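Engineer: Attaching a single structure in structure tokens format; questions to follow.
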Amino acid sequence: MSSRDRPAVRLGRWTTPLLVLTGWASVVFAVGTAVHAFVVVDERTLTRMMVLAGADPGQAPVFLVGFRVVGCLYLVGNALGVLALRRRPSRWLFRVVLVVNATQAAGVRLVPPEVFTAARERFGVAGVLPSLVTDIGALVLVVVLVTASVITRAAWGQVRPSPGASRP
């Protein structure tokens, strides 16, 4: 189906609030990701995590490189989400935001619990806060965006014209 064949969509009453919510949430998630990947999770925290997990603590430097590469990918993804603040809805941005946030929300389940234990031991609650805010916030954002798109049958809460409506 070409773009010419697709029914036109117009801004719905929730489009702008969803874009603004997504943009600001992406700012918060980018900051949280940066703090988690480059401040909280360092070689010392990872070494402790590996001891807690019964893994070889000598592998912490290698694991840290991989962890930070993934963190950088999420930083880029969250930075793209900030583009929603332009208030110009696009399907590609909607898809990117959904993929980035759905996978980031899975972080609570995918990250070994020993990471959170080591971070809490070293930094207290502040050590787990960036990850929890980012991961749980991403889940909430995904639920809100998917719900809006299911209700309106379009990305960003846009509205499709009624089937009987004439096109200009």
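Engineer: Please pick out the residue among Ala25, Ala8, Ala53, Ala60 that is closer than 16 Å to Thr134 by Cα and among the hydrophobic types (A, V, I, L, M, F, W, C). So that I can check it myself, show each step before the final result.
Structural biologist: Working: Ala8 fails: closer than 16 Å to Thr134 by Cα; Ala53 fails: closer than 16 Å to Thr134 by Cα; Ala60 fails: closer than 16 Å to Thr134 by Cα.
The match here is Ala25.
Engineer: Right, here's the next one. Within the stretch 108-121, is there a residue that is modelled with pLDDT of 95 or more, closer than 13 Å to Ala25 by Cβ and not basic (Lys, Arg)?
Structural biologist: No, that holds for no residue.
Engineer: Provide a single number: the residues in the stretch 106-131 that are in a helix (DSSP H, G or I) and surrounded by fewer than 20 Cβ atoms within 10 Å (Cβ to Cβ).
Structural biologist: Looking only at the stretch 106-131, we keep the residues that are in a helix (DSSP H, G or I), and these are 107-110, 113-123, 125-131.
Remaining after also requiring surrounded by fewer than 20 Cβ atoms within 10 Å (Cβ to Cβ): 108-110, 113-114, 116-117, 120-123, 125-126, 128-129.
Total satisfying the criteria: 15.
Engineer: The conditions are (1) assigned to a helix (DSSP H, G or I); (2) in contact (Cβ under 8 Å) with a residue 12 or more places away in the chain; (3) surrounded by fewer than 16 Cβ atoms within 10 Å (Cβ to Cβ), and Val51 fails exactly one of them. Which is it?
Structural biologist: The number of the failed condition is (2).
Engineer: Quick one: would you say Thr16 is polar (S, T, N, Q), closer than 20 Å to Ser149 by Cα and either modelled with pLDDT of 95 or more or over 11 Å from the mean Cα position of the chain (by Cα) (or both)?
Structural biologist: Spelling it out, Thr16 is indeed polar (S, T, N, Q), closer than 20 Å to Ser149 by Cα and either modelled with pLDDT of 95 or more or over 11 Å from the mean Cα position of the chain (by Cα) (or both).
Engineer: Also, quick follow-up: Any idea which of Ser90, Ser26 is hydroxyl-bearing (Ser, Thr, Tyr) and either over 16 Å from Leu141 (Cα atoms) or exposed (fewer than 15 other Cβ atoms within 10 Å of the Cβ) (or both)?
Structural biologist: Details: Ser26 fails: either over 16 Å from Leu141 (Cα atoms) or exposed (fewer than 15 other Cβ atoms within 10 Å of the Cβ) (or both).
Ser90 is the lone residue from the list that is hydroxyl-bearing (Ser, Thr, Tyr) and either over 16 Å from Leu141 (Cα atoms) or exposed (fewer than 15 other Cβ atoms within 10 Å of the Cβ) (or both).
Engineer: Any idea which of Leu64, Leu141 is in a helix (DSSP H, G or I) and out of contact with any Asp or Glu (no Cβ under 9 Å at 6 or more places or on another chain)? Working first, answer last.
Structural biologist: Values: Leu64 fails: out of contact with any Asp or Glu (no Cβ under 9 Å at 6 or more places or on another chain).
Result: Leu141 is the single residue among Leu64, Leu141 that is in a helix (DSSP H, G or I) and out of contact with any Asp or Glu (no Cβ under 9 Å at 6 or more places or on another chain).
Conditions (1) of a type outside the set (A, V, I, L, M, F, W, C); (2) under 30 Å from Gly12 (Cβ atoms); (3) in contact with a strand residue (DSSP E or B) (Cβ under 8 Å, 6 or more places away or on another chain); (4) in a helix (DSSP H, G or I), marked per residue:
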site	(1), (2), (3), (4)
Ala60	no, no, no, yes
Asn78	yes, yes, no, yes
Ala102	no, yes, no, yes
Ile136	no, yes, no, yes
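Engineer: Taking into account only those residues within the stretch 91-115 that are more than 14 Å from the chain's Cα centre (by Cα) and in contact (Cβ under 8 Å) with a residue 24 or more places away in the chain, which is farthest from Thr152 (Cα to Cα)?
Structural biologist: Within the stretch 91-115, the match that is farthest from Thr152 (Cα to Cα) is Glu114.
The values are calculated or read from the model by the stated rules, or taken from the named source; none is laboratory data. What you are looking at is a predicted structure, and each value in this text was computed from that prediction instead of being measured. Glycine gets a Cβ as well: all are built from the backbone with ideal geometry, and neighbour counts include every protein chain shown.
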